[in-house]
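The values are calculated or read from the model by the stated rules, or taken from the named source; none is laboratory data. Keep in mind it's a predicted model, so treat the numbers as computed, not measured. Positions of Cβ are generated from backbone atoms using ideal geometry, with glycine treated the same way; all protein chains shown enter the neighbour counts.
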Amino acid sequence: MRDEDYLFCGVGWFSVEDAQRKRLAEEIAGLDGDRLLNTSVDDLCAYLETKYRIDVPTLRREEIVADQRETKIDVSGDPHRFIRDRGQRFHVPATVVEVAIPFDGEADTFRIRPTSYTLNPPRGRLGDGVLILTVEGTDLAADRVRAEIDRNLSDVESYLGALRGNSEGFNSQLPGLARAAIEQRRKKLLADRGLVASLGFKIRERESSARTFAPPEVRRRIVPTLPHASAAPYKPEPALLDADYEHILSVLQNMAHVMERSPSAFVSMDEESLRAHFLVQLNGHYEGQATGETFNYEGKTDILVRSEGRNLFIAECKFWGGAKKLRETLDQLLGYSSWRDTKVAIVVFNRNRDFSNVLGSIQEAAVGHPNCKRDLGPKSETDFRFVFAHKDDPNREMLIAILAFDIPS
C-alpha cells in the first residue's frame, strides 16, 4: 500500500474546528441584511447547525463484503529472499483480499487527525460510501487474513471514537455560537437602520441589494437549504412585550380560577358570556387610554388588543369539543396572523368528567398540527406553550398559549 493510504493523517482536529467556526461567522456576516431580518432566528440557527456540524462516520459492519484477486508484489527489499542482482526490481505472484465496509457520515472525516492518536495509524482506501481495507501476501491463510482485518477495523473504530469525542463537544456548541452571532448582527442592523431613520430623510433602497441567497456548496451528502424568507426591506412591526403577554395570561388564569372555585355562578353561561367576564378583568388592568390598550371583541369569541390597526394579542374562549375542534381553533388563529411574533392564547373550558384525558389530547392535537414548529413545554399542568408558523410563511411565527380549566357542570 502507498503512504497516502494512511487514514486520519490529514489536518488536525483543532484546525478543522477553527475553520468551521470561521465559515459559520463568515456566512452570517455575508447574509443580506433584509434576508437575515426576515428569517426566523430559530430556523436560521437550525440551518447553520445542520450545515456546520461534523458527523463522524459510523461503520455498518453487518454489511461487510469481501473479494480477492491476483496480483504481483515487489519483494526486492525482502532480506529473506536471495536476489542475484540487487539493482533490479523483483515481483512475485500474490493474492489480494479486499474488504469493503459501508459507512454513514462524511468521508472527509477519515482524513482528520483527532486530538488522541498513535504513530502507526490504520491504512485504507475510501470508495463511494465505503471504506476498503486490504490484505496481501503470497501464502495467505483465512485465519491470518481475518485476524489482520479485525485488527485494522479495531484501529479504525478507535480513531473514529476519538473523533466522535472531539465532534460532540463542538456540535453541542454550534446552536449557541450561531444564535449569538445572528443576534449580534441583527442588533447592529436594527441599530443602523434606526440611525438612518432618525435623520428624517427618505431611505434609499440599494439596487444591488441581493434578493436571493445561494449558500456555498459543502462537501456533504445532503446540503441543507437556507430557510426561505423575503429579501424585501425589513420593517420592524409592533409586538406585545413578553412581560405584558405573561401578565395578560395571568389575568386570564386568575379569572378562570374564580370560575373553578364558584362553578354554580357560571354553570349556565355560554362562551360569549364567559368571555365578557374576562374582558371586565382585563380592562381593569389595562385602562383604555388608547385603542391599542383597550381590550374589546370582534365576532363571537375573540378577545384582542390592537396597535396601528393590527392585532397584537388574540384569545379564543372555547368549550372543549375534542381534538378536531381544537385544531379548527388553531387554524382560525393562524388565519388572523398577518405579521411575525404574534402572541395569542386559547382558553379551553372543560365540562367533561375526564380532565386528565383532555389535557393529554390538547398536547397531542397541538403538536400534531402541521404548522407547529416547536413545543416549548408546559408552564404547568394546564398551561401549554407552542410556536406555530404562519399558514403562508414559515418565518412568521406565532407564540400560542393554551390554557385549560375544569369548570364542573
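Which one of these does residue 317 not meet: (1) more than 17 Å from residue 351 (Cβ to Cβ); (2) modelled with pLDDT of 75 or more; (3) buried (at least 16 other Cβ atoms within 10 Å of the Cβ); (4) not small (Gly, Ala, Ser)?
Condition (1) is where residue 317 drops out.
Please work out if residue 247 is at pLDDT below 70 and closer than 23 Å to residue 402 by Cβ.
Answer is no for this residue.
Report whether or not residue 162 is assigned by TED's automatic domain parsing to the domain that holds residue 65, under 26 Å from residue 54 (Cα atoms), in contact (Cβ under 8 Å) with a residue 12 or more places away in the chain and not acidic (Asp, Glu). Before you say what the answer is, go through the steps one by one.
On the way: assigned by TED's automatic domain parsing to the domain that holds residue 65: yes; under 26 Å from residue 54 (Cα atoms): yes; in contact (Cβ under 8 Å) with a residue 12 or more places away in the chain: yes; not acidic (Asp, Glu): yes.
For residue 162, the condition - assigned by TED's automatic domain parsing to the domain that holds residue 65, under 26 Å from residue 54 (Cα atoms), in contact (Cβ under 8 Å) with a residue 12 or more places away in the chain and not acidic (Asp, Glu) - is met.
Just one of 312, 326, 376 is buried (at least 17 other Cβ atoms within 10 Å of the Cβ), modelled with pLDDT of 70 or more and among the aliphatic types (A, V, I, L, M); which is it?
Step by step, each of 312, 326, 376 is checked, and only 326 is buried (at least 17 other Cβ atoms within 10 Å of the Cβ), modelled with pLDDT of 70 or more and among the aliphatic types (A, V, I, L, M).
Do you know which residues across segment 1-59 are among the β-branched types (Val, Ile, Thr), in contact with a Leu (Cβ under 8 Å, 6 or more places away or on another chain) and assigned to a helix (DSSP H, G or I)?
28, the sole residue that qualifies.
Only one of 58, 71 is surrounded by fewer than 18 Cβ atoms within 10 Å (Cβ to Cβ) and modelled with pLDDT of 90 or more; which? Steps first, please.
On the way: 71 fails: modelled with pLDDT of 90 or more.
Selected residue: 58, the only one of 58, 71 that is surrounded by fewer than 18 Cβ atoms within 10 Å (Cβ to Cβ) and modelled with pLDDT of 90 or more.
Only one of (1) among the acidic types (Asp, Glu); (2) surrounded by 15 or more Cβ atoms within 10 Å (Cβ to Cβ); (3) under 21 Å from the mean Cα position of the chain (by Cα) fails for residue 26. Which number is that?
Residue 26 satisfies all of (1) among the acidic types (Asp, Glu); (2) surrounded by 15 or more Cβ atoms within 10 Å (Cβ to Cβ); (3) under 21 Å from the mean Cα position of the chain (by Cα) except (2).
Do any strands (runs of 3 or more DSSP E) entirely within segment 342-406 hold 2 or more residues that are in contact (Cβ under 8 Å) with a residue 12 or more places away in the chain, among the basic types (Lys, Arg) and under 27 Å from residue 37 (Cα atoms), and if so, which?
Values: elements: 342-350, 372-375, 383-389, 397-406.
Output list reads 372-375.
For segment 114-159, enumerate the residues that are assigned to a helix (DSSP H, G or I), of a type outside the set (A, V, I, L, M, F, W, C) and either free of Cβ contacts under 8 Å to residues at least 60 places away in the same chain or within 22 Å of residue 71 (Cα to Cα) (or both). Give the derivation first.
Keep residues of segment 114-159 that are assigned to a helix (DSSP H, G or I), which gives 142-159.
Imposing the further condition that a residue be of a type outside the set (A, V, I, L, M, F, W, C) reduces the set to 143-144, 146, 148, 150-152, 154-155, 157-159.
143, 144, 146, 148, 150, 151, 152, 154, 155, 158 - these are the residues of segment 114-159 that are assigned to a helix (DSSP H, G or I), of a type outside the set (A, V, I, L, M, F, W, C) and either free of Cβ contacts under 8 Å to residues at least 60 places away in the same chain or within 22 Å of residue 71 (Cα to Cα) (or both).
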